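The values are calculated or read from the model by the stated rules, or taken from the named source; none is laboratory data. What you see is a predicted model, and the numbers here were worked out from it, not measured in a lab. All Cβ positions, even for glycine, are placed from backbone atoms using ideal geometry, and neighbour counts span all protein chains on display. What goes into the accessible areas is simple: the full protein's heavy atoms, side chains included, and nothing from ligands, DNA or RNA. Shrake-Rupley method; radii C 1.70, N 1.55, O 1.52, S 1.80 Å.
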Amino acid sequence: KKTNFSIEEHIELKNLCESLGIIYLCTPFSRDGVDLLEDIGVDFYKTGSGEMTNLPLIEYIAKKGKPMIVSTGMSEINEIEETVNLVKSIGTPIIITHCTSAYPCPYERVNLGLIPIYEKKFNIPIGLSDHSRSIYTSLAAIALGACVIEKHFTLDKMQKGPDHPSSIEPYE
């Protein structure tokens with residue numbers, strides 16, 4: 001609860017993003033979260049790796065008709081295929097992001113070779129959810145065809161919250 005934003009904070013951040021020409025994005029983990037984001041008018045959805053196999057939630061989001069970015073960490077190819085097919089059957093645009101759920105992700109485990117494999121198998125745009133310690137993995141992913149990069153950053157690695165320790169700091 002300490003790291004969750006109120007609806008007012010979401011609106012404030014969304015307004016700030018829009019004033020800077022940035023599209024506001026937030027990852028919902030429940031139907032209530034989706035409904036809150038609908039109330040503030042998000043343009044698309046991103047789901048975390050833990051939701052890849054939560055097909056009722058994926059379907060609920062897909063039925064909103066807004067493009068989706070779905071992270072694949074911890075999932076097997078058949079689970080990814082089931083999710084992609086569900087979203088495609090609804091007619092919602094989808095991008096999947098290859099993700100290795102290790103925080104931080106060691107370079108020997110990033111497995112970027114999956115990007116062209118996913119692109120060929122699913123015939124959809126592929127991105128990378130990058131949890132490595134630098135930007136180099138993201139650059140390599142772009143060279144392999146990734147069209148979206150998710151990279152966590154923080155102003156202080158000592159802040160509370162699950163992502164700060166494995167995020168990059170500006171000027172690192």
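Numerical summary
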item	result
Evaluation of Thr92 against (1) of a type outside the set (A, V, I, L, M); (2) open to solvent by 40 Å² or more (accessible area, probe 1.4 Å); (3) out of contact with any Cys (no Cβ under 9 Å at 6 or more places or on another chain); (4) in a loop (DSSP other than H, G, I, E, B) (one fails), failing number	(2)
Selected residue (only one of Thr154, Thr97, Thr72 is touching a helix residue (DSSP H, G or I) at 6+ places or on another chain (Cβ under 8 Å), modelled with pLDDT of 95 or more and polar (S, T, N, Q))	Thr72
The range 130-172: number of residues that are polar (S, T, N, Q) and farther than 29 Å from Pro67 by Cα	1
Whichever residue in the range 157-169 is open to solvent by less than 40 Å² (accessible area, probe 1.4 Å) and in a loop (DSSP other than H, G, I, E, B) and, among such residues, is nearest to Glu81 (Cα to Cα)	Ser167
Odd one out for Gly113 among (1) farther than 18 Å from Gly48 by Cα; (2) in contact with a helix residue (DSSP H, G or I) (Cβ under 6 Å, 6 or more places away or on another chain)	(2)
Residue tally, condition closer than 18 Å to Leu25 by Cβ, open to solvent by less than 90 Å² (accessible area, probe 1.4 Å) and outside any loop (DSSP other than H, G, I, E, B), over the range 127-156	8
Qualifying residues in the range 7-64 (those that are farther than 24 Å from His131 by Cα and hydroxyl-bearing (Ser, Thr, Tyr)) - the one surrounded by the most Cβ atoms within 10 Å (Cβ to Cβ)	Tyr60
Residue match in the range 16-39 (condition: in a loop (DSSP other than H, G, I, E, B) and basic (Lys, Arg))	no
Selection from the range 95-119 of residues that are among the hydroxyl-bearing types (Ser, Thr, Tyr), assigned to a helix (DSSP H, G or I) and surrounded by 14 or more Cβ atoms within 10 Å (Cβ to Cβ)	Tyr118
Any hit, the range 135-146, residues being under 18 Å from the mean Cα position of the chain (by Cα) and touching a residue at least 60 places away in the same chain (Cβ under 8 Å)	no
Test for Val87: is it in contact with a strand residue (DSSP E or B) (Cβ under 6 Å, 6 or more places away or on another chain), at pLDDT 95 or above and in a strand (DSSP E or B)	no
Filtered residues of the range 52-64 (kept if within 14 Å of Val84 (Cβ to Cβ) and either out of contact with any strand residue (DSSP E or B) (no Cβ under 8 Å at 6 or more places or on another chain) or assigned to a loop (DSSP other than H, G, I, E, B) (or both))	Met52, Thr53, Leu55, Glu59
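Listed here are the residues, each with its yes/no results for (1) within 21 Å of Lys88 (Cα to Cα); (2) in contact with a His (Cβ under 9 Å, 6 or more places away or on another chain).
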position: Glu119; (1), (2): yes, no
position: Asn123; (1), (2): yes, no
position: Ile126; (1), (2): yes, yes
position: Asp130; (1), (2): no, yes
position: Leu139; (1), (2): no, no
position: Ile142; (1), (2): no, no
position: Ala146; (1), (2): yes, yes
position: Thr154; (1), (2): no, yes
position: Met158; (1), (2): no, yes
